Amino acid sequence: MRILITSTGAWGTGSFTLIDAIIKELMELGHQVKVIFPDANLETADKKAYYSKPELFHVWPFPIACNGFRLDSFPLMIPDPHPLNPEAKTFKELSQGELQCYFESFSNEIKKVINDFKPDIIECQHIWAMDHVIANLGHAFINVAHHSDQMGFHYDDRMRPMTIDSAQKAKFIFAISDNVKDEVCELYHVAPEKVIVIENGYDKAVFKPFHENRKNVLKDLGINTIPPNATIISFSGKVSKTKGIDIILKANQYLKNHPIHFIIAGAGTRAQAMELAVLNDKGFDNLHFIGHQTPTMLSRIHNVSALNIMPSRTEGFGIACLEAMACGLPVVVSATGGPDAYAVGEVVPVEDAEGLAKGIDRILDLPKDQYQQLSQEALTTAGQFSWENNVAKRLDYYSRAQTN
């Protein structure tokens, strides 16, 4: 089977983590795959992995210009940071001319890819813009709902009619959790039987427990201010209110029992985080913002950490939480209906900074044998999620979409 996958943005996000995983499984099974995504050619540590494989990754290059309008980089659905687009506009901020330029340019680009690759089925990440173009071109496609697109639906009323139309024209919609399925049925007025829940997995070759030298990790990250006796807590996510960065900043003042340092890995900067800060007596010297990192580095960070946190205000699935658990870390997550469905550790209320601090303290206060038991439970639970099963289910619906 020939499968074309579209992505609204470049790598470094949860949706692209899914893409990287499923294309690997699909190719191992003998299928032919092509991925198209927009990119403005910024330098990153993992850029070569995508630009060196034109037979697999088709880059839609930015800037684009047409009819007197220009977009320097691809727009975003919501105003959260993106590692490959630090100064992006959202779709909502585009003028009507800029939006039409986006659609016209992508239509021209995707026509060339479809003519050359001749896909049997197209899988569109997010119910948003690219699927709208493909629907208008008359090709069979499946949508994938990641929750950020449902956030975009609420944020950007101009896009709503287009997303409802493409959701209704999709052969099927894959949702990454039961909660996301419920959102999809409600927002786009589609029948529940059309929406298939396929939960995410993680890369078992990368995210696993192993002995890692803490000094080497901190040296490679350029961090030289964490004392040897300090406990490291990892966080991997965008520096945004959506992901609860401000909740971490507030929780920091309540942590009394342990010398703790947070390593914050994700798109965004310390300066952006400090814009969300509240004054407190403790300060923020124990928070280290290291930006977007490769999966390999994230795994190394998890393996020198005691636990992982995900205090999001809203979350579809929370793949970063699963990756941390796969490294043997207990987690503290907020009750968003995403990661709390499988998290091993503590679940605290949304926007509860003191609750987050107490959850952290409860895990760090555990006797060694109880902590090790919790760590093993995290490993066992993570092991139940498989990209192999994910792709097997996808292939069934790819075949159905071709015949329907």
Inset, instruction - Being surrounded by fewer than 21 Cβ atoms within 10 Å (Cβ to Cβ) and more than 11 Å from the chain's Cα centre (by Cα) is the filter here, so list the residues in segment 2-20 that pass it. - result: R2, D20
Inset, instruction - Quick one: in segment 286-313, of everything that is in a loop (DSSP other than H, G, I, E, B) and of a type in the set (S, T, N, Q), which residue is nearest to V347 (Cα to Cα)? - result: S312
Legend entry - Filter result for E315 (at pLDDT below 95 and of a type in the set (D, E)): yes
Legend entry - Criterion: among the small types (G, A, S), in a loop (DSSP other than H, G, I, E, B) and surrounded by 24 or more Cβ atoms within 10 Å (Cβ to Cβ) - qualifying residue of G316, G337, G283, G328: G316
Inset, instruction - For segment 159-168, indicate whether the set of residues that are within 23 Å of L395 (Cβ to Cβ), touching a strand residue (DSSP E or B) at 6+ places or on another chain (Cβ under 9 Å) and buried (at least 18 other Cβ atoms within 10 Å of the Cβ) is non-empty. - result: yes
Legend entry - Criterion violated by C185 - all others in (1) touching a helix residue (DSSP H, G or I) at 6+ places or on another chain (Cβ under 7 Å); (2) not in a helix (DSSP H, G or I) satisfied: (2)
Legend entry - Residues (among the aliphatic types (A, V, I, L, M) and either part of a helix (DSSP H, G or I) or modelled with pLDDT under 95 (or both)) located in segment 144-159: M151, M159
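With the requirement that a residue be within 15 Å of W60 (Cα to Cα) and within 19 Å of the chain's Cα centre (by Cα), what does segment 21-36 give you?
Correct list: V35, I36.
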Inset, instruction - Give the residues of segment 315-340 that are out of contact with any Phe, Trp or Tyr (no Cβ under 8 Å at 6 or more places or on another chain) and either more than 19 Å from L18 (Cα to Cα) or of a type in the set (K, R) (or both), sorted by residue number. - result: G328, L329, V331, V332, V333, S334, A335, T336, G337, D340
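The values are calculated or read from the model by the stated rules, or taken from the named source; none is laboratory data. No experiment lies behind these values; they were computed from the predicted model shown. For neighbour counting, all protein chains shown are included, and Cβ atoms are generated from backbone atoms with ideal geometry for every residue, glycine included.
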